[in-house]
Amino acid sequence: MEGEQLNTDQTKTERTMNLYERVYDYINTRIVRGEWSAHDRLPSIRELARIMDVHRLTVFKAYQLLKNEQKVYVKDKSGYFVSPINREESSKDYDKIKASIQNNMLSDIQQLPAHFQFSQAIIDPNLLPNHFFSEYIKKVFDFYPKILGSYSPLQGDDELRKALAEYFFQTEHLYVSEDEVMITTGAQQAIDLITDFLIKPRDTILVERPTYSVAIDIFRQKEARIVPIDIHASGYDLERVEYLMRAHKPRLFYINPTFHNPTGYTLPAEQRKQLVDLAERYHCVLIDDDPFHDIFFDQKPPHPLFLYDTKGYVIYIRSFSKYISPGLRIAAVCCRPWIMKHLCRAKSLSDNGTPLLNQKIFLHYFFSSRMQSHLEKLRIALSVRKEIMEDVLSETDWQWESPKGGLNLWVKVPEPTQVASLFQRSIERSVSFVPGEYFDSERTNKSWIRLSYSYANEQEIKQGIKKLVSIYHDA
Ligand SMILES: Cc1ncc(COP(=O)(O)O)c(C=O)c1O
């Protein structure tokens, strides 16, 4: 009976997956579904090798992987057993998958455990200069021995704001004074604070379609009306933008114009200037959210929209989470005084200043020469990972526009694929990605998925994408 079941499972997967992965999947899926419970004895290596018609070493390798992931445990001379914690977590995960599909919570998806992680648009921690970081942390305590006894100034550390204002001038030609820079606890906080004072219920916000899903959630929370405008590889249809600005009088247009999340598209320089002109004409504030600016592969991207700002309608947010450290929670917001005034008030009610220690660590690390060489290496490592992912996908009929920077591939799977079902089956088999509809305020984009190449290593990308493709073919 079990043999028959396995034979039906042995479809196209068998051809494209490593044998031990097939065995791993077989065991893992049954644990996740609750068919095998905590402390249940699992089939012996010999038994499973016979049932699945594979070598015993193959089964041993699959069990080792499950053991490393603490999904199973071994008892001397008695064999393999289902881990209790894991069993509970697995069934919770399974419920979570269902709930997250229904609730559209991106954060839930990103927390789902998966051996092949393509849902997290964050840098593999192994690519961060962790050893160097500890040196800088020590230096900060030497320089500022009483740092833990001090609050940060509300708007951010003076030294850091001054250094960043100069840096933005040197690198992007932005004329911005230190008084026009605020340090926030990540870009997400900046978006939240800006909407706090700018948006009242039923105000209209223009957003790109697709867009960063957390921003959509923040805007919804403020009860804003969300109006989407499509973003293409070549930018926006500016006539359409103008039409929407005239028709809906939005207070805000939230954009991520450089190596956009999730598509990787970049708005050309000419359109940046035209967009600022439109925003000024229709009194619409533009938020240029720019966390991927320094993650380019060949060429530096165009300058931020703040360069073209003449009337104070542009707010520039530069997060450093994506290539320095997500955990430090450091972002800089550049804006003119009329906005800064409101921002300071919102910040004082929110956290009264970003932790000073984090700001000083960031300051000393970011402006070191080591950081520059780290960034060079990081760009190379990420472009190699992107190319590996693209190589595997090039054997399919899936479509994407190769990004020139950033962390993601935005991929169209052939219709009529049910992305929700592909997602569920993939998670069950330890492969994660983000279904495209999570990035859309209107829940279209049914045949797109976001695959991040930044978190998994090269080997995992190769194996995991092959596995995803085979899961797709198994439908
Ligand atoms: C477009 C965009 N903005 C902001 C953020 C959040 O940045 P932070 O970690 O600085 O809050 C992300 C993270 O994925 C993002 O993709």
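The values are calculated or read from the model by the stated rules, or taken from the named source; none is laboratory data. For clarity, every value in this text was computed on a predicted model and none was experimentally measured. Cβ placement follows ideal geometry from the backbone for every residue including glycine, while neighbour counts extend to all protein chains displayed. Each accessible area value is taken on the protein alone, full model and side chains, heavy atoms only, with ligands, DNA and RNA left out. Shrake-Rupley method; radii C 1.70, N 1.55, O 1.52, S 1.80 Å.
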> Remind me, relative contact order of the chain in percent, using alpha carbon pairs under 8 angstrom and six or more residues apart?
Replying inline: 21 percent
>> Taking amide H atoms as placed 1.01 Å from N in the peptide plane, list the residues 5 or more away in sequence, or in a different chain, whose amide H sits under 5 Å from that of Ser44.
In response: none
> Suppose every K and R has +1 on its Cβ and every D and E has -1 on its Cβ; what is the size of the dipole of the stretch 333-464 about the Cα centre, in Debye to the nearest 20?
Replying inline: 880 debye
>> What whole-number distance in Å separates the alpha-carbon centres of the stretch 405-475 and the stretch 243-298?
In response: 26 Å
> HN-Hα J couplings of the stretch 234-240 from phi, Karplus 6.51/-1.76/1.60, θ = phi - 60°, integer Hz, Gly and Pro as x?
Replying inline: 8, x, 10, 7, 5, 5, 5
> Tell me, what HN-Hα J-couplings in whole Hz come from the Karplus equation 6.51 cos²θ - 1.76 cosθ + 1.60 at θ = phi - 60° for each residue of the stretch 140-154, using x for Gly and Pro?
Replying inline: 4, 5, 5, 5, 10, x, 9, 4, 6, x, 10, 7, 7, x, 3
> DSSP beta bridges in the chain, what fraction antiparallel, as a percent rounded to 5?
Replying inline: 55 percent
> Dimensions of the chain along principal axes (Cα, Å, largest first)?
Replying inline: 74, 56, 40
> Per the 1.4 Å probe, what fraction of the accessible area of the stretch 335-445, in percent, lies on carbon and sulfur atoms?
Replying inline: 50 percent
> Between Ile295 and residues 5 or more places away or on another chain, which pairs have amide H atoms under 5 Å apart, with H built 1.01 Å from N, and which residues are they?
Replying inline: Gly406
> Tell me, what % of the accessible area of the stretch 119-270 is carbon and sulfur with a 1.4 angstrom probe?
Replying inline: 51 percent
> Using modelled amide H (1.01 Å from N, peptide plane; none on Pro or chain starts), what sits under 5 Å from the amide H of Lys71, excluding residues fewer than 5 places away?
Replying inline: none
> When the accessible area of the stretch 290-334 is computed with all protein chains present and a 1.4 Å probe, what percentage of it is carbon and sulfur?
Replying inline: 48 percent
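To the nearest 20 Debye, how big is the dipole of the stretch 253-342 about its Cα centre, given +1 on the beta carbon of each Lys and Arg and -1 on that of each Asp and Glu? Spell out each step's value before the answer.
On the way: 10 positive and 9 negative charges, 57 e Å.
The calculation lands at about 280 debye.
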> Counting Lys and Arg as +1 and Asp and Glu as -1, each charge on the Cβ, what is the dipole of the chain about the Cα centre in debye, to the nearest 20?
Replying inline: 760 debye
>> So with the 1.4 Å probe, I'd like the accessible area per residue for the chain, rounded to whole Å².
In response: 44 Å²
>> How tilted is helix 19-32 with respect to the longest principal axis of the chain? Cα atoms for both, answer in degrees (0 to 90, nearest 10).
In response: 80 degrees
>> Using the Karplus curve 6.51 cos²θ - 1.76 cosθ + 1.60 with θ = phi - 60°, what ³J(HN,Hα) values do you get for each residue of the stretch 283-290, in whole Hz, with x for Gly and Pro?
In response: 6, 10, 6, 9, 9, 9, 8, 10
> With N residues in the stretch 419-475, what two-decimal value do you get for its Cα radius of gyration over 2.2 N^0.38 Å?
Replying inline: 1.14
>> Which residues does the label zone of Ser350 cover in the stretch 208-226, counting backbone N under 13 Å from a point 7 Å along Cα→Cβ?
In response: 215, 218-219
